[in-house]
Amino acid sequence: MTYNLSPNPSSPTWEEDVRGKTKPELRRYVRLLKQQFTAEELTEQSHLIINKVQAHPQLRVANTIFLYTSMPDEVNTHGLIQQLYDDGKRILLPVVVSPTEMELRLFRGWEAMECSSFGIMEPTGNYFDDYESIEFCPYSGHGFSMLNVIASDVEEAITIASYR
């Protein structure tokens, strides 16, 4: 299936649309891109990315994994978080503590989560700062995975941050 990657029909490529844009403009652009997809299409693309993450050899040997709790229009990480937690992995999730700061906290099950003012499920508990122990971090920037999956380049959607 082919999608128009440009909310601007007169623009031949999305690269032309994003060049020179500010961060708020890029976020608006990504929101427009996401609106082109049905919920089913977004779910399908989410599964493609999660399957690639699950197949990554570094994930299999990692004990401490930094993830994020997804919002409805992002790659759905809830099942991955639960699976890794059930497998005995130590899962770290970000918590927004101020308009400019986040901190990491240990996932201890969904019952130990609370909904933030942004509508994101966040872990309760103590601050985690043993950054050296993080062994795997599949990073998905706002729109990054979406653009890469749309471009049929799922491998590019996984950026591994290894701290060892």
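The values are calculated or read from the model by the stated rules, or taken from the named source; none is laboratory data. Here the structure is a predicted model, which means the values were calculated and not measured. Quick reminder, even Gly has a Cβ in these numbers, built from the backbone with ideal geometry, and neighbours come from all protein chains shown.
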Name the residue, out of LEU84, LEU80, that is surrounded by 10 or more Cβ atoms within 10 Å (Cβ to Cβ) and within 28 Å of GLN36 (Cβ to Cβ). LEU80
Within segment 30-61, residues within 24 Å of LYS89 (Cβ to Cβ), more than 15 Å from the chain's Cα centre (by Cα) and buried (at least 18 other Cβ atoms within 10 Å of the Cβ) come out as LEU59
So, in segment 91-112, how many residues would count as being closer than 15 Å to ILE65 by Cα and free of Cβ contacts under 8 Å to residues at least 24 places away in the same chain? 3
Note on segment 115-136: residues within 25 Å of HIS47 (Cα to Cα) and either modelled with pLDDT of 90 or more or outside any loop (DSSP other than H, G, I, E, B) (or both) are CYS115, MET121, GLU122, PRO123, ILE134, GLU135, PHE136
Test for ALA161: is it touching a Cys at 6+ places or on another chain (Cβ under 7 Å) and at pLDDT below 95: yes
Are any residues in segment 40-87 among the aliphatic types (A, V, I, L, M), part of a helix (DSSP H, G or I) and within 21 Å of ILE120 (Cβ to Cβ), and if so, which ones? LEU42, ILE49, ILE50, VAL53, LEU80, ILE81, LEU84
Hits in segment 79-108 (condition: closer than 28 Å to ARG60 by Cα and over 19 Å from the mean Cα position of the chain (by Cα)): ASP86, ASP87, GLY88, ARG108
Going through segment 94-110 one residue at a time, which ones are part of a strand (DSSP E or B) and at pLDDT 95 or above? ARG105, LEU106
So is THR64 in contact (Cβ under 8 Å) with a residue 40 or more places away in the chain and either under 12 Å from the mean Cα position of the chain (by Cα) or surrounded by fewer than 16 Cβ atoms within 10 Å (Cβ to Cβ) (or both) or not? no
